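Okay, so here's the structure we're looking at.
Read-outs throughout are calculated quantities, based only on the coordinates presented, and are distinct from any laboratory measurement. Please read all numbers here as calculations on a predicted model, not as lab measurements. Glycine gets a Cβ as well: all are built from the backbone with ideal geometry, and neighbour counts include every protein chain shown.
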Amino acid sequence: MKVLVVGSGGREHALCWAIKRSPLCDRLYCAPGNAGIAEVAECVAIGAEDVDGILRFAKDNAIDFVVVGPEGPLVLGLVDKLEAAGIKAFGPSAAAAELEGSKGFMKDLLAKYGVPTAFYQRFTDADAAKAYVRQHGAPIVVKADGLAAGKGVTVARSEEEAFAAIDEALVGGRFGSAGAEIVVEEFLDGEEVSFFALVDGATAVPLASAQDHKAVGDGDTGPNTGGMGAYSPAPVLTPDLEARVMREIVEPTVRGLAAEGRPFKGVLFGGLMIVRGADGKPVPKTLEFNVRFGDPECQTLMARFKSDVLAALLASRDGTLKPEDVQWHDAAALCVVMAAQGYPGDYLKNTEIRGLTEANAVEGATVFHAGTKADGGRVLATGGRVLGVTATAPTVREAQARAYQAVDRIQWPEGFCRRDIGWRAVER
Ligand code: AMP
Ligand code: GLY
């Protein structure tokens with residue numbers, strides 16, 4: 001098969017790395033890719049959201065299967081357009097991708113199908129939203145309805161903070177049309193976990209759990225980022241809780257989307273909060289859904305994936321998914337993100353990274369690239385999140401040691417990373 005992966009991050013490098021190993025894959029392209037992806041795939045200079053450009057490339061090059069990494073092109077309907085042109089594509093239709101594209105749509109769907117989530121209300125009017133905040137008090141959460149590059153959520157500790165977030169979105173237009181409507185919802189207190197399932201329209205097969213580290217600094221301090229590191233599996237999600245997440249959250253959501261005439265195919269990524277019930281027992285609740293792999297969670301999932309990833313993604317597209325399609329190595333994986341100094345604010349660009357070969361030589365370690373480009377024989381940092389140094393080992397603790405051993409071989413003075421990725425699992 002000729003396969004095209006769409007995207008340019010660490011997630012897409014990990015997908016390319018895993019797909020390349022499939023006996024089904026004869027030729028692998030990536031649009032637009034990065035310097036690391038160029039080592040396993042042929043990179044083509046087409047942006048991930050250039051839907052028409054990707055469609056043209058796929059037609060001209062007789063691509064058999066397109067795997068879409070990020071949410072942007074999914075929400076724009078890339079999969080619909082490819083399928084209409086007779087090209088198989090992995091990921092949800094635009095109608096199903098609305099689960100991530102509109103938080104209001106997602107919350108209404110969850111309410112209609114009885115999926116546990118924070119109580120909420122949708123608003124377009126700032127005064128009405130503020131009255132709701134006064135009624136419920138702080139802490140409370142304000143969310144832009146649409147895609148806001150991870151910046152659309154304010155966990156407000158005070159009513160004033162919530163009012164400011166409401167005004168920013170509804171009056172100031174900070175998120176443009178993505179924030180013309182907001183969701184105000186209950187604050188949920190607990191431990192966050194990411195859960196992934198592969199879905200073929202009707203059947204959902206659990207992938208695995210992972211935990212992300214959103215804050216930029218050690219000890220979960222500082223501003224939020226796209227994710228500074230991750231590990232899988234996440235011990236907080238015990239087998240019992242995982243079964244419950246499938247039964248109470250994933251399956252009713254998949255059935256609900258199908259009933260609404262928007263059958264979901266692709267990766268369903270639940271951002272969950274494990275809260276304590278009245279009896280003190282853990283209860284999983286849905287914070288949000290994404291319609292794609294997480295980044296950097298995907299790097300840890302691909303490192304652990306044992307069966308043929310490409311075959312599993314195809315089965316999701318074809319509606320023939322079976323539990324056997326998803327098998328795991330009996331190992332944990334941990335990914336440390338290295339970012340450019342200044343991230344998530346303004347950061348340095350075009351600085352040179354050395355020592356990548358030495359880092360990749362650490363047992364069990366693989367360096368996935370996120371924001372890099374090749375410049376002759378040199379690798380330059382071009383993004384905020386630049387590398388995902390990933391390692392597998394029998395336990396999270398050992399995977400952590402290996403990942404940091406690889407990190408320490410990378411010579412990049414203009415970069416930084418957190419030194420405590422995986423602390424929750426290690427503490428447990
Ligand atoms: P989201 O983009 O919806 O995942 O929100 C970003 C982050 O905000 C999440 O990862 C949580 O840490 C936090 N968050 C979102 N919704 C809630 C909530 N209802 N209660 C507490 N924290 C939340
Ligand atoms: N790491 C979180 C995300 O990909 O949305």
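Things to note:
- For a straight C-alpha distance cut-off of 18 angstrom, the aspartates and glutamates reachable from LYS130 (same-chain residues fewer than eight places away being disregarded) are ASP145, GLU159, GLU160, GLU161, ASP167, GLU168, GLU181, GLU185, GLU186.
- Across the range 404-413, rounded Karplus estimates of 3J(HN,Hα) from the backbone phi angles (6.51 cos²θ - 1.76 cosθ + 1.60, θ = phi - 60°) give 6, 4, 5, 4, 5, 8, 8, 9, 7, x Hz, Gly and Pro being marked x.
- Tensor-based shape of the range 19-64 (alpha-carbon gyration tensor, a/c under 1.5 rounded, otherwise prolate or oblate): oblate
- Estimated distance in nm for a label pair at ASP26 and VAL44, the labels positioned 7 Å out from Cα along Cα-to-Cβ: 1.6
- Share of pairwise Cα separations in the range 1-154, more than 23 Å, in percent: 48
- In order through the range 207-219: 3J(HN,Hα) via Karplus (6.51 cos²θ - 1.76 cosθ + 1.60), integer Hz, x for Gly, Pro: 8, 7, 9, 7, 10, 9, 10, 7, 6, 6, x, 3, x
- Proximal charge balance of VAL216 [Cβ under 11 Å; K/R count +1, D/E count -1]: +1
- Summed over qualifying helices (DSSP H, 4 residues or more, each -39500 (n - 2.57)) and divided by its residue number, the chain shows a 222 nm mean residue ellipticity of -8500 deg cm²/dmol.
- For the chain, modelled as a GNM whose springs connect Cα atoms under 10 angstrom apart, the maximal fluctuation among ALA312, ALA403, ALA131 occurs at ALA131.
- Listed residues PHE368, LEU348, VAL337: farthest to the positive end of the dipole of the range 334-387 (Cβ charges): LEU348
- Summing Cβ point charges (Lys, Arg +1; Asp, Glu -1) relative to the Cα centre of the range 203-274 gives a dipole of roughly 300 debye.
- Neighbour-limited loop hits for GluC sites (Glu not before Pro), the range 350-428 (at most 12 other Cβ within 10 Å; DSSP other than H, G, I, E, B): GLU363
- The P(r) of the range 274-428 has a tail past 18 Å containing 66 percent of all C-alpha pairs.
- Dipole of the chain [Lys/Arg +1, Asp/Glu -1 at C-beta], most positive-end residue of GLY383, GLN327, ALA162: GLN327
- Short-range pairs are left out: with C-alpha atoms under 8 Å and at least six residues apart, the relative contact order of the chain is 16 percent.
- Cα lying deepest toward the dipole's positive end in the range 1-152, options ALA138, TYR113, PRO70, charges on Cβ: ALA138
- Above-threshold pairs, the threshold being 31 Å between Cα atoms, out of LYS2/LYS112; LYS59/LYS373; LYS2/LYS373; LYS20/LYS265; LYS20/LYS112; LYS59/LYS151: LYS2/LYS112; LYS20/LYS112; LYS59/LYS151
- Applying 1/(1 + (r/R0)^6) with R0 = 22 Å to the Cβ-Cβ distance of SER158 and ARG276 gives a FRET efficiency near 0.40.
- Only Lys, Arg, Asp and Glu carry charge here, each on its Cβ (+1 for the first two, -1 for the last two); on that basis the chain has a dipole of about 540 debye about its Cα centre.
- Trypsin sites (Lys or Arg not before Pro) within the range 285-319: DSSP coil, no more than 11 neighbouring Cβ in 10 Å: LYS306
- Among beta bridges that DSSP assigns inside the chain, antiparallel share in %, nearest 5: 80
- Our summary gives the range 1-160 a relative contact order of 16 percent, counting only alpha carbon pairs under 8 angstrom and 6 or more residues apart.
- Order of HIS136, HIS13, HIS329, HIS369 - criterion: other Cβ atoms within 10 Å of each residue's Cβ, fewest first: HIS329, HIS136, HIS369, HIS13
- Distance in nm between pseudo-label sites at LYS151 and LYS112 (7 Å out along the Cβ direction from Cα): 3.2
- Semi-axes of the equivalent ellipsoid for the chain, Cα gyration tensor, largest first, Å: 31, 26, 23
- The charge dipole of the range 16-168, taken about the Cα centre with unit charges on the Cβ atoms of Lys, Arg (+1) and Asp, Glu (-1), comes to about 420 debye, rounded to the nearest 20.
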